[in-house]
Amino acid sequence: MKMPPKTPLWFVSRLASFRELLLKLNETANSVPPVTVVVLDGFLSMFTIIAVEELGIPITLFYTVAASSFMGIKQYRALMEKGLAPLKDA
């Protein structure tokens, strides 16, 4: 995949590193099973999706931010009862 001209260097570097890791893991001479699926945190998935799609590996995204938000909302009453929420000014 050709990167747009203003793609940040950190992005290109991480994409190349992740792609290289997948290729090494999938070498036939390797003693470990090949990568057959990649599960990613949906919040930090920018360059990983590109690499996985280039190599034709199935991908799924797991959004942990939604789970942590749910737990925060679910536990808010208990936090209020214990005096831990709302946060007091320092």
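Filter the stretch 72-90 for residues that are surrounded by 10 or more Cβ atoms within 10 Å (Cβ to Cβ) and of a type in the set (A, V, I, L, M); which is farthest from the chain's Cα centre (by Cα)?
So, considering only residues that are surrounded by 10 or more Cβ atoms within 10 Å (Cβ to Cβ) and of a type in the set (A, V, I, L, M), the one farthest from the chain's Cα centre (by Cα) is M80.
Please enumerate the residues belonging to the stretch 22-31 that are part of a loop (DSSP other than H, G, I, E, B) and surrounded by 10 or more Cβ atoms within 10 Å (Cβ to Cβ).
Within the stretch 22-31, the subset part of a loop (DSSP other than H, G, I, E, B) is 26-31.
Matches in the stretch 22-31: N26, E27, N30.
Every residue, every condition in (1) on the phi < 0 side of the Ramachandran plot; (2) part of a loop (DSSP other than H, G, I, E, B), yes or no:
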{"residue": "E20", "(1), (2)": "yes, no"}
{"residue": "P33", "(1), (2)": "yes, yes"}
{"residue": "F43", "(1), (2)": "yes, no"}
{"residue": "F47", "(1), (2)": "yes, no"}
{"residue": "V52", "(1), (2)": "yes, no"}
{"residue": "T60", "(1), (2)": "yes, no"}
{"residue": "G83", "(1), (2)": "no, yes"}
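Is it the case that L21 is within 28 Å of W10 (Cα to Cα), free of Cβ contacts under 8 Å to residues at least 60 places away in the same chain and aliphatic (A, V, I, L, M)? Walk me through how you get there before you give the answer.
On the way: within 28 Å of W10 (Cα to Cα): yes; free of Cβ contacts under 8 Å to residues at least 60 places away in the same chain: yes; aliphatic (A, V, I, L, M): yes.
Here the answer is yes, as L21 does meet what is asked.
Between a first residue in the stretch 69-90 that is under 20 Å from F43 (Cβ atoms) and a second residue that is surrounded by 10 or more Cβ atoms within 10 Å (Cβ to Cβ) and of a type in the set (S, T, Y), which pairs have beta carbons less than 8 Å apart while being 6 or more apart in sequence or on different chains?
Within 8 Å, no pair qualifies.
Out of all the residues in the stretch 40-61, which are surrounded by 15 or more Cβ atoms within 10 Å (Cβ to Cβ) and either touching a residue at least 40 places away in the same chain (Cβ under 8 Å) or within 17 Å of W10 (Cβ to Cβ) (or both)?
Residues satisfying the conditions are S45, F47, T48, I49, I50, A51.
Values quoted throughout were computed directly from the atomic coordinates according to the rules given, and no laboratory measurement underlies them. It should be emphasised that the depicted structure is a prediction, and the values quoted were computed from it without experimental measurement. Methodologically, a virtual Cβ is constructed for each residue, glycine included, from the backbone with ideal geometry; neighbour enumeration extends over all protein chains shown.
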